[in-house]
Amino acid sequence: MDITVITTRIKDLLKQKGWSVGEFSKRCDISASLLYRYVNGEYANPSVAQLEKMASGFKVPISYLLGEQVSFDTDAGFISVFKWSLDRNGNREQTSERRLFSVSVLERFKVAQDMLDVIEMPDNSMRPLLNKGDDLLCYAMPETDALCQLENNGVYVFVFDGSIYVSRLKKEFDGSLSSWQESTPNLVRQVPANKIDLKYQVLMRSGVIE
């Protein structure tokens, strides 16, 4: 294990993401003091568990931290998905970040890869399933006939009455939609289907590459 390579990779990834060591320590659940020692090349034997935490925090394969020349594309078994931020009206703005996912994981969802985005969970309405700040791998709903593709009890991102929501949806016999959230499962509201703008179906919370 070459600590010089690991140190270089950690520094490069911190710079790419614009994170401080302190910020990254919170993301990967490793003390900032220990991370500083890695960054400065003062600690030569990180454990496998620590490497796994760092790889998960950076969202890269652990082999990349160890020095392998991993190409993050479909040929290497991974694809890179852009991360977007959403305002209250559901308008999206591309960030400078990407998230990596194994092709085998994405194949489970049977959706076109060019329809995938990563967005940040805007609030804690779906807690404990989803928490504010979580990166969500989402399928971008088509602009027409989106409701036809709605899966009952799936988690969706939609705009209603000037606000953005992350909620479970179910189609009712009268054509309306029932909406409820994990944090308040007993509070069910009826949402007129013609009054909502479906943006995304949430496929999974990202953060771990399988």
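The values are calculated or read from the model by the stated rules, or taken from the named source; none is laboratory data. Being a predicted model, the structure only gives us computed values, none of them experimental. Every residue, glycine among them, receives a Cβ derived from its backbone with ideal geometry; neighbour counts consider all protein chains shown. The protein model used for the area step is the full one, side chains on, heavy atoms only, and it has no ligands, DNA or RNA in it. Shrake-Rupley method; radii C 1.70, N 1.55, O 1.52, S 1.80 Å.
Table: residues versus (1) among the aliphatic types (A, V, I, L, M); (2) at negative phi; (3) touching a strand residue (DSSP E or B) at 6+ places or on another chain (Cβ under 7 Å).
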| residue | (1), (2), (3) |
| --- | --- |
| D117 | no, yes, yes |
| N124 | no, yes, no |
| N131 | no, yes, no |
| G162 | no, no, no |
| V166 | yes, yes, yes |
| G175 | no, no, no |
| Q181 | no, yes, yes |
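As a summary of the residue check, A44 satisfies the conditions (1) more than 24 Å from D135 (Cβ to Cβ); (2) among the aliphatic types (A, V, I, L, M); (3) modelled with pLDDT under 85; (4) open to solvent by less than 40 Å² (accessible area, probe 1.4 Å) except for the one numbered (4).
Residues that are of a type in the set (S, T, N, Q) and open to solvent by 70 Å² or more (accessible area, probe 1.4 Å) within the stretch 154-163 are absent altogether. Being open to solvent by 60 Å² or more (accessible area, probe 1.4 Å), over 17 Å from R88 (Cα atoms) and touching a residue at least 40 places away in the same chain (Cβ under 8 Å) holds for only one residue in L137, L203, L129, and it is L129. Just one of the listed residues (T95, T144) is of a type in the set (V, I, T) and without any contact (Cβ under 8 Å) to a residue 12 or more places away in the chain, and it is T144. Among the residues making up the stretch 115-157, a single one is of a type in the set (S, T, Y), out of contact with any Ser or Thr (no Cβ under 7 Å at 6 or more places or on another chain) and outside any loop (DSSP other than H, G, I, E, B): Y139.
Among the residues making up the stretch 91-109, a single one is closer than 18 Å to D134 by Cβ and part of a loop (DSSP other than H, G, I, E, B): F109. Taking the stretch 11-40 as the range and being among the small types (G, A, S) and either surrounded by 12 or more Cβ atoms within 10 Å (Cβ to Cβ) or modelled with pLDDT of 85 or more (or both) as the test, the residues that pass are S20, G22, S25, S31, A32, S33.
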